[in-house]
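To start, the structure itself, in structure tokens.
The values are calculated or read from the model by the stated rules, or taken from the named source; none is laboratory data. The structure displayed is predicted, hence computed values, not measured ones. Positions of Cβ are backbone-derived with ideal geometry, glycine not excepted, and every protein chain shown enters the neighbour counts.
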Amino acid sequence: MPQDAKGNSDLPAIAFEQVGLYRMEMALLVFYGELLLVTPAFSGLMWGRLPTEISMRSARFAEEADRPADANRTAVKELEQTTRKLTEGLKIANVEIKRLKRTPRRDSAQPEVKSER
């Protein structure tokens, strides 16, 4: 084990001056470091989605990302139809409002009664 002039070891304190423990810690560090980098890169390149959470057990993906593209297209078409219906209803409402504005206003009071005495 390499030591400096004062007799101190080059190993960090977390290894408790044991080479085997230090190597095991470094191996775990490299393993989990690669796992944290490789998992998102692989899933991003292969499936076009990234994990929302990476834990000791596995990587968790958003459930919505698993929906097929056909379901998304269907939802978009439904939204477009709803938008068209709402737009048509708005046009009709605007025409009705303009028509009501053009008609002469009538007094809402009781009409005058013509009586001769």
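With respect to G44, determine if the residue is assigned to a helix (DSSP H, G or I), modelled with pLDDT under 85 and surrounded by fewer than 10 Cβ atoms within 10 Å (Cβ to Cβ).
Against the criterion (assigned to a helix (DSSP H, G or I), modelled with pLDDT under 85 and surrounded by fewer than 10 Cβ atoms within 10 Å (Cβ to Cβ)), G44 does not qualify.
Any residue at all in the range 61-70 that is outside any loop (DSSP other than H, G, I, E, B), farther than 30 Å from L35 by Cα and either within 40 Å of the chain's Cα centre (by Cα) or modelled with pLDDT of 75 or more (or both)?
yes
Take the conditions at pLDDT below 95, loosely packed, with under 10 Cβ neighbours inside 10 Å, within 30 Å of G48 (Cα to Cα) and not polar (S, T, N, Q) and apply them to A109. Does it pass?
Criteria not met by A109.
Return yes or no: is R23 surrounded by fewer than 10 Cβ atoms within 10 Å (Cβ to Cβ) and modelled with pLDDT of 80 or more?
Taking the combined requirement at face value, the residue does not satisfy it.
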